[in-house]
Amino acid sequence: MPSIHNVVIIGSGPAGLTAAIYTARANLNPLVLEGEPSSTSDQPGGQLMLTTEVENFPGFPEGIMGPELMENFRSQAVRFGADARQEKVSRVDLSERPFKIWVGDPEAPEPSYLAHSVIVSTGARSLMLDLPRERELIGHGVSTCATCDGFFFRDHHIAVVGGGDSAVEEASFLTKFADKVTLIHRRDELRASKIMQERAFKNPKIEMLWDHQVSAVHGASKLEGITVRNVKTGEEAALGVTGLFVAIGHRPNTDLFNGVLTTDENGYLVTGPGTATNVDGVFACGDVQDHTYRQAITAAGSGCMAAIDTERWLEANGHHV
Ligand code: NAP
């Protein structure tokens, strides 16, 4: 049997790596299972690996590139003794102590790691339209976060896709910068709350494009336009936008914990008090438990909270080194 870690952190975005910095500095020798490189937001480093410039992370007055920021988080955690491994967790057993964690073959008889406590920071992924070139152009005209990227689209014509509260909120927010925002929705009525709809309808910079889907995104190194298709007539048209904000929802990365950790009606982990989940000794932080703020700084803040909660829990349960 492998030795028992004080704390295993699953996920390595701002939440997980902040938890790693704090638990490392508390001499807990955290093991961070970072995930494996991929083109989605559950890769090591999380969603910031898919962004370009980050201008709103405090402490960087000139801004910093998303991947560089995450490399800084990681080296800070490693400097204090965190053991960060690019391995993807395939299965967990939280039903008895010590907790069991598998990477690689989930059916292997022996778990890969044992842990007194676990911090879940597996993040969330933005749902995408799954069009060719869409992911490659993230950070180059395609975005999933108006708060993060709106500033770069001053005086541009941009499009937002979706009909829920996120899409309408992002479209309204983006009118602070853009000249014109076309809100593209696949039906002829919005899902968003009435008050947000009214606000959008009154906004002279927002133009509704009902019954349309985006059928193609264009551009080699940056977005140069999109094609939209009328879902009723099948007719296609070009839209010369330089920004495309995809706001069709998010999905928290909780598959590993199905039926074990309590989730809310949107599938996010429920935490409280603090960052505690329903399983004693398992804590959660970052976007996997937050569908409201979803910012790097709020994820990092909750990672700090999870580390402190974990440290106190370990001490209270006689595991402190
Ligand atoms: P959502 O409510 O699930 O809405 C997703 C929207 O995207 C829907 O309009 C859906 O169309 C559309 N859509 C889904 N897949 C699509 C596809 N492949 N192509 C084109 N369109 C697609 O997601 P959300 O707006 O992110 O909101 C999530 C939750 O957070 C909701 O409970 C929401 O109320 C809440 N929220 C609240 C606020 C606020 O109160 N300030 C702000 C943001 C979010 P259909 O309508 O046709 O299904």
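The values are calculated or read from the model by the stated rules, or taken from the named source; none is laboratory data. The structure presented is a predicted model; accordingly, all values stated were derived computationally and were not measured. Every residue, glycine among them, receives a Cβ derived from its backbone with ideal geometry; neighbour counts consider all protein chains shown. To get the accessible areas, we keep the full protein, side chains included, count just its heavy atoms, and leave off ligands, DNA and RNA. Shrake-Rupley method; radii C 1.70, N 1.55, O 1.52, S 1.80 Å.
Where a ≥ b ≥ c are the square roots of the eigenvalues of the C-alpha gyration tensor, would you call the range 152-214 rounded, which needs a/c under 1.5, or, failing that, prolate if a/b is larger than b/c, or oblate?
oblate
According to the square roots a ≥ b ≥ c of the eigenvalues of the Cα gyration tensor, what is the shape class of the range 14-56, taking rounded for a/c under 1.5, prolate for a/b larger than b/c otherwise, and oblate for the remainder?
oblate
Gain in length, Arg135 to Asp179, computed as 0.36 nm per residue apart minus the alpha-carbon separation, to one decimal in nm?
The span from Arg135 to Asp179 would gain 13.4 nm if fully extended.
Which order do peptides 150-160, 253-263, 299-309 fall in by mean Cβ count within 10 Å, highest first?
Result, highest mean Cβ count within 10 Å first: 299-309, 150-160, 253-263.
Over the range 38-151, with a single point scatterer placed on each C-alpha, what log10 of the ratio I(q)/I(0) does the Debye formula yield at q = 0.16, 0.21, 0.23 1/Å?
Rounded to two decimals, the profile gives -0.91, -1.19, -1.30.
Based on the alpha-carbon gyration tensor of the chain and its eigenvalue square roots a ≥ b ≥ c, which shape applies: rounded if a/c is under 1.5, prolate if not and a/b is larger than b/c, or oblate?
prolate
Carbon and sulfur atoms: what percent of the 1.4 Å accessible area of the chain do they account for?
50 percent
Restricting to DSSP H runs of at least four residues, report the calculated mean residue ellipticity at 222 nm for the chain, -39500 (n - 2.57) per run over all residues, nearest 500 deg cm²/dmol.
Calculated mean residue ellipticity at 222 nm is -6500 deg cm²/dmol.
Using 10 Å bins from zero, what percent of all Cα-Cα pairs in the range 1-101 falls into each bin?
Histogram of Cα-Cα distances, whole percents per bin: 16, 43, 31, 8, 2.
Leaving out ligands and nucleic acids, and using a 1.4 Å probe, what accessible area per residue does the chain come to in Å²?
Ligands and nucleic acids excluded, the result is 47 Å² per residue.
If contacts are Cα pairs under 8 angstrom and at least 6 residues apart, what is the relative contact order of the chain in percent?
Relative contact order for the chain comes out at 21 percent.
Would you please put 131-137, 8-14 in order of how densely packed they are, using the mean number of other Cβ atoms within 10 angstrom per residue and starting with the highest?
8-14, 131-137
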